[in-house]
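Single-structure report; data block below.
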Amino acid sequence: MQQFAHGKSAVMTGDYSMANDIQAIKAALSCADVLRETGVDPSRSFSCPFPEHADNNPSANLIKDGTQFYCHACKKGGDVIDLYGIVHGMTKKDVLSTLSERFANNSSTYQSSPKKRVEWIYDAPVYRHIYQHADKSYAYEVRRIASACGTKKKYQQGRMINNRWELGLSANHRILYSLPNIVNASRVYLVEGEKCADRLIQEGLDATTTTGGAGARLHWMESYTQALAGREVVIIPDNDEVGRMHAENILEQIKERCNAAILNLEYANVKDDVYDWYNQGGDTDTLTHLADLALNPHLCLGDSSDEVLARLDEYLHKRRSGEIRPIPTGLQGIDEVQRIEQQNLITIAARPGGGKTSMLVSMTAMQLLNQCATPAFFSFELDESTIALRIISAMTGIPFVRIQDGNLHGNEIELVRKARVAMKPLRLDDNRKTIAEMTERIKLWRDHFGVDIVYIDQLSKVKLEQGKSRFEQYSNTVNAIKLMARECNVPIVLAAQLRRPAEGMKPRAPSMNELKDTGSLEEDSDVVLCLWRPEQEDGIQQIQFKNRSTPTDGRMFIYCRKYRNGQQWKHVEHFDGQTMTVGRARA
């Protein structure tokens, strides 16, 4: 969260001795203090802080009564100023500038030469990057202050306590930036600096950074790894050696807990970052595509970088020309926040009777009516005739039972006739198949009938792939469905079942941890939508939805629990029990 503020109305200059500053800092701060601030026990050996030394076995210690540190493996060391700079990724000049304000008797800012005076303007706008806990409560902030000439900047870390600015942070205070947004994210972009994170957030991506930018191994904390565990993490370093080493160190520490990869972008200049990359013509579609390739290197295995970039250029050209386009669901409220892209695996999950088939039928019907897609429907839950009648019911608004019985009135016969004409592009199959058989059928439909989106109802009815355990069978099946989407170059919408809540458990909106016998479905899906009909499932008449009390009568609540290339969302739609279809909620 970035804000602007004004600091003290003053200009601070420096024209005093460097030696005085160093002496004052060393008298007030020891190497042990710096280690404690980063959560390291100074009484024991610790990992070498030098970024170029991948010290897996702690080999550094404090020496000379804690005034210096020394690594017995790489034979390098330094004093408290050196250690502070390495830990926080700062130059010696920046360290002296920061610490002199905390400990030196003179409150001015250190300058390397009294002949070169830098004026820090505290009454100009100050960039405030607010760090929040997962519950959105205030944690601390980083302030970016510009020099009078506009060519230099410095950072202050601290907290507002009782309307007073308290400079400095301990390790216990440090958290990841934009933590409320990433706790439920499926993919997180880890960049250097709050400005870069804010730029990606503005582009609709879940992004974060650490306080202090690129630094040594001590800079990364276990709490950061815990916050990112189980997610896809795309690490984007700045275009310099320090940034690349920092990215490699982070990858080494999180790769066992996350699906993580480093994405080195093509920059115009040394020291450029992802913020500059956007200004140089980069866009979010390109970034997410490159991230896909970084996280899934098998997609371009065996290809040269020139071939990969050529395919990327071709993809972007087709995207801009409209040859490749997102496929609308046909439900306006969802289409405003969600896009279905080629090769996506979209999971529609609900408890028994929660409306999975109704959602798939409604999307199919709206796409046929609007002629915005050519769908195919594998129905392993209901027979072909029943699905066809339900689609007609959704398209005409005539209750399903009356269509099934042939009990039609007035112009309803004409409505049904028009619906049957509109259904001609639809491909239907109710014979249970293996993934290989479905792949062959989809390719045939795609090439001969232009099928561009596939619905499968539902996962538990698909013939499972081989595996030693039930979990492994489902994981292999889900992975095969994901590969089928890529091989056939179509999105696949897959219905999956959620567990019923335990008896006596308080009713609540469903979440991904309720997915039943689905193996790696959560990891392989690009989008997971969880459906909830509180009135039907739990007999609840009112729920709190988007911070207000909302009636549940005739409504379906849709929760996006995973969106690989965007932010999660939630939405309410009208549910018509007579036609068993989903549409925009009525006022």
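The numbers here are math on the coordinates, done by the rules we state, and not lab data. The shown structure was predicted, so the numbers you read here are calculated from the model rather than taken from an experiment. Glycine also receives a Cβ, built like all others from the backbone with ideal geometry; neighbour counts cover every protein chain displayed.
Structure data summary
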| quantity | calculated |
| --- | --- |
| 18 Å cut-off, amide nitrogen to a point 7 angstrom out along Glu323 Cα→Cβ, residues in the range 262-290 | 286 |
| Ranked by how many other beta carbons lie within 10 Å on average, peptides 349-361, 528-540, 405-417 from highest | 349-361, 528-540, 405-417 |
| Residues Thr91, Thr581 arranged by fewest to most Cβ contacts within 10 Å | Thr91, Thr581 |
| Least to most buried among Lys271, Lys433 (fewest other Cβ within 10 Å first) | Lys271, Lys433 |
| Restraint check, Lys356/Lys506; Lys424/Lys463; Lys64/Lys93; Lys433/Lys461; Lys318/Lys424, Cα-Cα greater than 20 Å | Lys356/Lys506; Lys424/Lys463; Lys64/Lys93; Lys318/Lys424 |
| Local net charge near Glu232, Cβ-Cβ under 13 Å (Lys/Arg +1, Asp/Glu -1) | 0 |
| Extension reserve of the Asp553-Glu440 stretch, reckoned as 0.36 nm per residue once the Cα distance is removed | 36.4 nm |
| The range 332-584, dipole about Cα centre (Lys/Arg Cβ +1, Asp/Glu Cβ -1), debye to the nearest 20 | 320 |
| In sequence order, calculated HN-Hα J values of the range 376-381 (Karplus, 6.51, -1.76, 1.60; Hz; x Gly/Pro) | 10, 9, 8, 10, 9, 9 |
| FRET efficiency estimate (nearest 0.05) - Cβ-Cβ, Lys255 to Gln466, R0 45 angstrom | 0.95 |
| Estimated FRET transfer efficiency (Leu408, His448; beta-carbon r; R0 45 Å; 0.05) | 0.85 |
| Label point distance in nm, Asp335-Ser223, each placed 7 Å from Cα along Cα→Cβ | 4.5 |
